[in-house]
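Structure first, commentary second.
Values quoted throughout were computed directly from the atomic coordinates according to the rules given, and no laboratory measurement underlies them. Nothing here was measured: the structure is a model prediction, and the numbers come from that model. Positions of Cβ are generated from backbone atoms using ideal geometry, with glycine treated the same way; all protein chains shown enter the neighbour counts.
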Amino acid sequence: MTKPLRFGIVAGEKSGDILGASLITALRSHYLNCEFVGVGGPAMKALGCESLTPMDRLSVMGFVEPLGRLPELLKLKKRLEQRLIKEKPAAFIGIDSPDFNLRLAANLHKQGIKTVHYVSPSIWAYRQKRILKIKQSIDLMLTLFPFETAIYEEHNVRAICVGHPLADKIGFEDHKATHRQELGIKSDAHVIALMPGSRAGEIKRLAPLFLETAIASMQKFPQLKFVIPYSGVEAKAQIDSLIAKEKIFKSDQFQLVDNSHRAISAADLIVMASGTATLEALLLRRPMLICYKVAPITYEIGSRLLKVPYVGLPNLLAGRKLVPEYLQADLTVSALTKEIENFMTKPAAFTDVLNEFEQIHRGLRTGASEKAADAITQLLS
């Protein structure tokens, strides 16, 4: 009996888990009964991926924040390295989490293992010299967005834009009414989703400010309702604790939900952390305010290295400022409440932006997971 083909695969956060699960399904259309080992979340594990550690142990961001977890991360890297070198998988696929995955890929590549990185690190935005190490570490780069491939082509790194699986999964129908009904929200309610991110550090920095903004906005617009999606038990406990500290007693106007897709779809406006969720908001054609706040030293380093004018995916994809961005010191309660007031009094002003969201959506709808699986199959042939 032929031994099933085996892949090493590592995803470090929820968005990577979603990409990984979709890719696993697509690869199995090429390699029946192929197996996966590495690190994955609930979606990947449900498809049989063997995860050597809980995925959230890799969910760190910034330049400074990972330092406190460095011994643990190095230990995990060594464990994965030893296991994969011993098993000699057909390929190693690192999904996002570049600081971890590219280092792991470099060592595996030296051992003759084919290496793929799925989701380009933001080398087009900052730390562009990383391309030299990436060239030595991987055999194939799979990017999500068209503007990301140019720098790889300049340095003769094999790169293919596969599009984004979310753009394939999300259709053009508006399911706001259905999702409001599922969440028990009135059809005529004025709903704002507060999305401070999925990582503990993001929630700690953004959630208090978002809650203060909500309270301030309710003074002028008492009819507002806020939905706050969370990812996992720990995130829910963290948000619950912050709500208690803010002494929010109008619980009927603040609703925690365990499904970010429904929350975005049910909302009229989203106040959100910069990240993958901004793409989902774009695909669902919802107005948004993009917020970004990290440790001061991380921002100081990052802002000096940044080579692009925007941090939000909608603005990067459009090549211009479609939606407001508030970064670091500019991210204040007064700034956000003013934006909410503008939306509440002039909602029609966002029509052109939402139409452009749809055009971007159509451009990203390319059958991403199947395209990624095809590219990996060609690499192995």
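Using the Cβ-Cβ distance between Glu341 and Asp252 with R0 set to 25 Å, the FRET efficiency from 1/(1 + (r/R0)^6) comes to roughly 0.65. Footprinting exposure proxy ranking of Arg79, Arg130, fewest other C-beta atoms within 10 angstrom first, gives Arg79, Arg130.
Sorting Leu322, Leu316, Leu379 by the number of Cβ atoms found within 10 Å of their own Cβ, with the fewest placed first, yields Leu379, Leu316, Leu322. Here the Karplus curve 6.51 cos²θ - 1.76 cosθ + 1.60, taken at θ = phi - 60°, turns the phi angles of region 83-97 into couplings of 5, 6, 5, 5, 7, 6, x, 4, 6, 9, 10, x, 10, 6, 6 Hz, with x standing for Gly and Pro.
Between Lys3 and Phe172, the FRET efficiency from the beta-carbon distance, with R0 = 56 Å, is close to 0.80.
If you take all other residues with their beta carbon under 13 Å from the beta carbon of Asp139, and give Lys and Arg +1 and Asp and Glu -1, the sum is +4.
Two numbers describe the Cα atoms of region 176-364: Rg and Dmax, which are 15.9, 46 Å. Among Met195, Met141, Met218, the largest mean-square fluctuation in a Gaussian network model of the chain, built with springs joining Cα atoms closer than 10 Å, belongs to Met218. The distance linking region 89-139 with region 355-374 is 23 Å (Cα centroid to Cα centroid, whole angstrom).
Under a model in which nothing but the beta-carbon of Lys, Arg (+1) and Asp, Glu (-1) is charged, the chain shows a dipole of about 1060 debye around its Cα centre. Listed by Cβ neighbour count within 10 Å, with the fewest neighbours leading, Asp374, Asp330 appear as Asp330, Asp374. The value of relative contact order for the chain, using C-alpha pairs under 8 Å at least six residues apart, is 17 percent.
When the chain is treated as a Gaussian network with alpha carbon springs shorter than 10 Å, the biggest mean-square fluctuation among Ala266, Ala150, Ala106 belongs to Ala150. Counting only DSSP beta bridges whose two residues both lie in the chain, roughly 0 percent are antiparallel. Counted by Cβ distance under 14 Å from Leu19, the other residues give a net charge of -3, where Lys and Arg count +1 and Asp and Glu count -1. At q = 0.17 Å⁻¹, what base-10 log of I(q)/I(0) does the Debye formula yield for region 204-289 when every alpha carbon is treated as an equal point scatterer in vacuo? Here log10 of I(q) over I(0) equals -0.71. Put a plus charge on the Cβ of each Lys and Arg, a minus charge on the Cβ of each Asp and Glu, and nothing anywhere else: the dipole of region 176-364 about its Cα centre is then about 100 debye. Please list, ordered by chain and number, the residues whose modelled amide H lies under 5 Å from the amide H of Val227; skip anything fewer than 5 residues away on the same chain. HN-HN under 5 Å from Val227: Ile192, Ala193, Leu194, Gln255.
Taking amide H positions as modeled 1.01 Å from N, with prolines and chain starts lacking one, the residues under 5 Å from Leu289 and 5 or more places away or on another chain are Ile270, Val271, Met272. When each of the peptides 27-37, 220-230 is scored by the mean number of other C-beta atoms lying within 10 Å of its residues, the order from highest to lowest reads 220-230, 27-37. A simple spin-label model places the labels of Asn156 and Leu52 3.3 nm from each other, with each point 7 Å out along Cα-to-Cβ. Multiplying the residue separation of Lys236 and Leu380 by 0.36 nm and removing their Cα-Cα distance gives an extension gain of 47.6 nm. Any idea which of Gly367, Ser217, Ile85 is furthest toward the positive side of the dipole for the chain, if Lys and Arg beta-carbons carry +1 and Asp and Glu beta-carbons -1? After comparing all options, I get Ile85. Computed on region 176-364, with alpha-carbon pairs under 8 angstrom and 6+ residues apart, the relative contact order is 23 percent. Ranking Ala281, Ser51, Ser122 by Cα position along the charge dipole of the chain, where only Lys, Arg, Asp and Glu carry charges on their C-beta atoms, puts Ser51 farthest toward the positive end.
Think of it as helices only: each DSSP H run of n ≥ 4 in the chain is worth -39500 (n - 2.57), and spread over all residues that comes to -14000 deg cm²/dmol at 222 nm.
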